[in-house]
Amino acid sequence: MDAGSNGFYATAKRKTEAGDGYEPTVIATTKDLGDKIEIRIRDHGAGIPDRVKVKISNPFFTTKPTGEGTGLGLSMSHDIIVKQHGGKIEETKPGQFTEFKIALPRTNNFTNKY
């Protein structure tokens with residue numbers, strides 16, 4: 001999931017800017033919601049400003065410098081979670097932290113194709 005690697009990038013960048021008083025943190029949790037599974041990935045990097053938030057699921061959009069990101073990870077994650085599995089992705093609290101809350105419907109109709 002690209003949200004996690006973006007979180008590591010954001011917290012490392014903030015550590016460089018903030019100095020010794022800042023400790024980078026990325027947390028991933030799961031929760032059983034009965035008919036859904038919830039996955040949360042949260043970092044306390046720089047957060048996602050609203051002007052960027054509206055673009056993060058666009059293919060090839062990135063805020064990273066040239067050569068450090070393709071802008072495909074969140075776009076592909078969005079397509080898989082939302083379009084293919086009927087889930088949803090929510091981003092929260094720009095400026096303080098970023099949290100992706102991913103809710104996927106629980107189904108028992110997986111088939112083994114191997």
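Restricting the first member to the stretch 78-99 and to residues that are closer than 16 Å to Ile41 by Cα and assigned to a helix (DSSP H, G or I), and the second to residues that are basic (Lys, Arg) and modelled with pLDDT under 80, the beta-carbon pairs closer than 8 Å and six or more apart or on different chains are Ile81/Lys88. If the condition is being part of a loop (DSSP other than H, G, I, E, B), of a type outside the set (Ser, Thr, Tyr) and within 20 Å of the chain's Cα centre (by Cα), then the stretch 13-30 contributes Glu23, Pro24.
Rundown of residues vs (1) of a type in the set (Gly, Ala, Ser); (2) at pLDDT below 80; (3) on the phi > 0 side of the Ramachandran plot; (4) touching a Ser or Thr at 6+ places or on another chain (Cβ under 6 Å), yes/no style:
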position	(1), (2), (3), (4)
Ala10	yes, yes, no, no
Ala18	yes, yes, no, no
Glu23	no, yes, no, no
Asp32	no, no, no, no
Asp35	no, no, no, no
His44	no, no, no, yes
Arg51	no, no, no, no
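Listed by first and then second residue, the pairs with beta-carbon distance under 6 Å, at least 6 apart or on different chains, first residue in the stretch 14-34 and within 20 Å of Glu99 (Cα to Cα), second among the polar types (S, T, N, Q), are Pro24/Thr11. Of the residues making up the stretch 38-53, those that are farther than 11 Å from Pro94 by Cβ and either out of contact with any Phe, Trp or Tyr (no Cβ under 9 Å at 6 or more places or on another chain) or of a type in the set (D, E, K, R) (or both) are Glu38, Arg40, Arg42, Asp43.
The values are calculated or read from the model by the stated rules, or taken from the named source; none is laboratory data. The shown structure was predicted, so the numbers you read here are calculated from the model rather than taken from an experiment. Please note: Cβ atoms are built from the backbone with ideal geometry, for glycine as well, and neighbour counts cover all protein chains shown.
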